Structure formats: C-alpha cells, structure tokens
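Heads up, the thing below is written out as structure tokens.
The values are calculated or read from the model by the stated rules, or taken from the named source; none is laboratory data. Just so it is clear, the structure is predicted and the values come from calculations on it, not from any experiment. Please note: Cβ atoms are built from the backbone with ideal geometry, for glycine as well, and neighbour counts cover all protein chains shown. For accessibility, only protein heavy atoms count, side chains too; no ligands or nucleic acids. Shrake-Rupley method; radii C 1.70, N 1.55, O 1.52, S 1.80 Å.
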Amino acid sequence: MAHRKTNWYDEDDLDDGYSDDDYDDDYWGEEEDYYQEADGNAQEIVTGSRVMEHHPQQQVKQRGQPVTNSHPSRKIEPHRKDAEPPTGHMKSMGLSDGRFSLDSGLKSLCDAAAAADGGLDGREVLNLVVLGHVDAGKSTLMGRMLYETGVVGDREIAKAQKDAKAIGKGSFAWAWMLDERSEERNRGVTVDVAMARFETPHKQVTLLDAPGHRDFVPNMISGASQADAALVVIDGSDGGFESGMSAANAANPSGGGQTREHVQLAQSLGIDQVAVVVTKLDTCDDPKNRFEDIKMQMSDFMKRNGFHDVQKVQWTIAVGLTGDNLVKPPTSTCLSWYTGRTLLETIDAFVSAPRIVDAPIRLSVTEAYAKGSKNVVVSGKVHQGAMKSGTKVTLTPPGESGTVKSISSNNKAVTLARAGDTVDVTITVSDPALIHAGSVVCSPSHPVKLAKKFKAQIIVLDVVIPLLHGQNVTLHAHVARETGVISRILTLVDEHTGEVKKERPRCLLKGQAAVVEITPSLPMPLETFNDCKSLARIALRDGGRTLAVGKVLEIE
C-alpha cells in the first residue's frame, strides 16, 4: 500500500463547530494550568509542525516447506470446541440486513469440510502471532520450534550457523530460520512479519513472527490482526522483563517497552487467548523465583488491560538456544523445578476460532503481486465467508471486480478457502496493479464499506499529553493504514457499558474511554463492530507510539 505524506491542515479545516462556551469549565479542575499547556502542545500538532510517522508497508514472509512433526509430543487434552458455530444469526456475522446466504456449491464444500473436523489434514487451524519486546528471543525461540517439529532440517541449521558465525552473529542462527532478509540478519532484528507453519497433535499452526522493535510496531499490528491467539515472549534475564514493561514518561514521551504496548494492542485487536512464555531463565541465579515474580507482575498488568479470564492466559517457560521445554520437559538442572506444559503443549491447548462461513467474504490482503497481465495473487486471512474457484469477488479499494481462479495454502492447491484460513488466492482482474496490501477481498453483493469519516469508541493508552480534537494520527485497521485526524471528541463513556458520562469533553486523558469522530485522509475499508469485528478494530498512533485503541461504531 503506497503511503502518502499527510496533507497539512489549517485550523479552520479542523473546526468542530463548537465554541469555547460549549465546554464545561469545571472539567479542568485543579490541573487547569497543566492542560492549558497541553492545549498549546496539541495546537502545534494541528498547525502541522509535527511530521506523521511513515513505515514501509509490511511484506509477509512465508516459508514454503511442507510441514511435518518429527517429534510427537505426549498426549495432551486441549481445550476444544467440537461443534461448528451457528450460522443462523446473520447480524453478528457481517450482515445487518440478514439476507446473505452461501450458494449451494460453496455450502456443500463448507459442510463437507466441517464434517471432516475443519482444518487441513484433519487438524484445527490456529493463527498464532508471536509478540514481545525487542531482543526477547522471539525469532530464536520459534526458529528452534520449527526445527523441533521437523519443518527445518539439520542441513539448513548447519548452513545458518556457518553463515551467522561468518558475520560475528553466531547466536542468531536459530532466528535466521525466520529472519531471512539481509537487512534483518545484518541488524539482528525482525523487521517484517515472518510466516511459517508447523503442527501440534491437534492443530495446524500458521505462525506469524512479529517484530519487537518499536520502529516496526505498524508491521506488528498487521500481523496481530490476522491472529487467533498470541505468544507473549518475556525476557527473563536480569533487567530484560523490566525493559519490556517500562512506560512512556514526560522525559521520554515516545518511549516505553514493547511488551507493554504489544499486550495492549493484542487485546484491542481481538486476541483473547495468550500464552506468556518466559525465556532466558537459565541465565538467572534463582530462575523459579524470577518466573513467579514475572508472573505476578504480568498477571496484574494483563487483567488491567482486558485479559480478565485467567483460563485464557497460560504460563510456560522455554529456552530457544538449548531447546529446553519446547517439545519435551526441560533437562537443564536449573529448570528442573518446572512441571507445567511444554511450549508445544501450550500452543496445542489454544482454542481455534469459530468459523463464520455463512457471511459475505472478507479477506484482508497482506501482500499482492501481479501474475501476468490479468491476474493478481493476494495473500491474507479469511475473516469470514468462503470462496472457491469461480467465485465472483470485489477488491476494495479500488473496487475492482474479479473472479477467483485458484486457491493455495502452504504451496498446495486447495478447493476451498473459508473463515480462519490463511491462503494465497489468484484472482482474474482487469488491472492487477491497482490491488495492494490493505485492500479487502469481499462479496460483490455485500462489499466492504469505504469510510470517509467514522465514529469509534476508543480507550486512551499511556499518553503523556492529552488528546484533543484536531490531532493528527495514523490509523491502523486490519492491514490497512492511513493518516487522518480526530475531527471531533463527542462523549466520554464507560468503557464497559458505553454509557455516556460527559458530553463534548475538551480533551482525553490516559485511561479514559470516549466516542470520537475520525476522518481519514483517504477512504479506508472498514466495517462496524456489529458487522465484522475483525475489520472494525482500530489503533491510533503518532510519533512512534500508540495513543488509543478502539472499535468502529458508525461509518459515513
């Protein structure tokens, strides 16, 4: 998706129609001077003296190797949902008018797939994103997991170890199973979202290894928007956990650890199942007490940020370099105290998301490239609906009509793509060059909405300066990204019930929930939360930090 520089706004263009008399003076209270100063800072934003953040569009990297599991784990009893979700409640599945139904051919294919227990090769499908602070060892951990589950072999590992040692980065060899770009290998950090697949006893896992560096949070958002569950990797070494959990402050307003930000973003993007994986405990003097201390602090933080159901938060340990507790219990003496699940068992215990198939097709495009003069190949996750070869679709933006020519998953041709699947789809269109990451593949009869302006309920995160109407932001929704402005602050609300607490507040402070009006620079493909939750979750960012997260309520 091509990014444009923000058009600078005049104050008159951002006038919300309110006069100063419309605001309640008592809102300022005893902190009037502080927020008047903040008013001045925000005015600087309105007049265009701050530059919007821009990042290269995410490109999802995918390993093409067949997935096998050469190390079967001991038998596990995962949390499972045996029944397919009901298909009769259309309003909650992407249709406000309730008139959509699958054609008979698609319905037969979906029924047959559901009867076969859903996932490819008889396993349930799980889209799993790996989150955490930079240098927590995410790529090393998951690179080792690909080896332990047989996805990569000894020859690949030996070559990576030789090449990594040649440039003085011998300890990065396992991470190179996912970090394949020269930029990532030279810098020693993940930049894009890497994709791979492996199997557990009951799941076929699509792994999304997200970058941990704060410069690449937009790419992390794109990856997390495709996920059903998340691993939050914590660096358990001395000072590692604390660095990832540090908060922004007045001295460093754009700072803060990415563990903190990633957890907040994951919850806002609809991820409600998390496993916290504490790594590098083998470097600690007292690993057991260190683990318990991290668990206590993280539990409190996660509850305060929306992860209230303790049954959906798992805790485990792992060491990527040695392979301790990945697929077998730890063998290191210093970790002998641990008796919980292995990482593979932890992943297997996640519940796969229900498949909403009897709804208009919605696939958010993470990558697109032309194949010939009339075909485009798009990659991404099907959020709802289903399609097969011959299905008519619309790609929005730009509103291009097309026909599905073929579908593949993990480099294998498949006959059906349905909600929950991550696939590559070849579509015949008139102009492939118009399709880009951030577009949405949708049903022609029920296309995704292009929002020129929308109302959203948001909650403000760790901001130092209050948010004001007229503030420039970068909008993130599923894979789409666009500059925009908070054009009006309408009400303060209760974050749980939505009950209005105050009309027309002058600013928004940390922790407050509000309904705001947002105007993108260009129309964005969005849905309301009632119609399609995956395309209605948003994040507002500026200056390298996340200001607020929320959901779309109304679209103009």
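Peptide packing: for 461-467, 408-414, 503-509, 162-168, the average count of neighbouring Cβ atoms within 10 Å per residue gives the ranking 461-467, 503-509, 408-414, 162-168, highest mean first.
For segment 384-517, the spread of Cα positions along the three principal axes, ordered from largest to smallest, is 53, 28, 28 Å. Cα extents for segment 338-440 along the principal axes, largest to smallest and rounded to whole angstrom: 58, 27, 24. Rolling a 1.4 angstrom probe over segment 444-516 with all protein chains present gives an accessible area of which 50% lies on carbon and sulfur atoms.
If the chain between THR339 and ASP111 were fully stretched, how many nm would it gain, using 0.36 nm times the residue separation less the Cα-Cα distance? Let's see the in-between values first.
Details: separation 228, 0.36 × 228 = 82.08 nm, distance 4.09 nm.
Gain on stretching THR339 to ASP111: 78.0 nm.
Per residue, segment 513-556 exposes an accessible area of 27 Å² to a 1.4 Å probe, with every protein chain left in place. Take the Cα of ASN411, step 7 Å toward its Cβ, do the same at LEU509, and the gap between the two points is 5.6 nm.
Taking H as built 1.01 Å from N, whose amide H comes closer than 5 Å to the amide H of ASP228, not counting residues under 5 places away? When sequence neighbours closer than 5 places are left aside, the close amide H contacts are ASN127, LEU128, VAL129.
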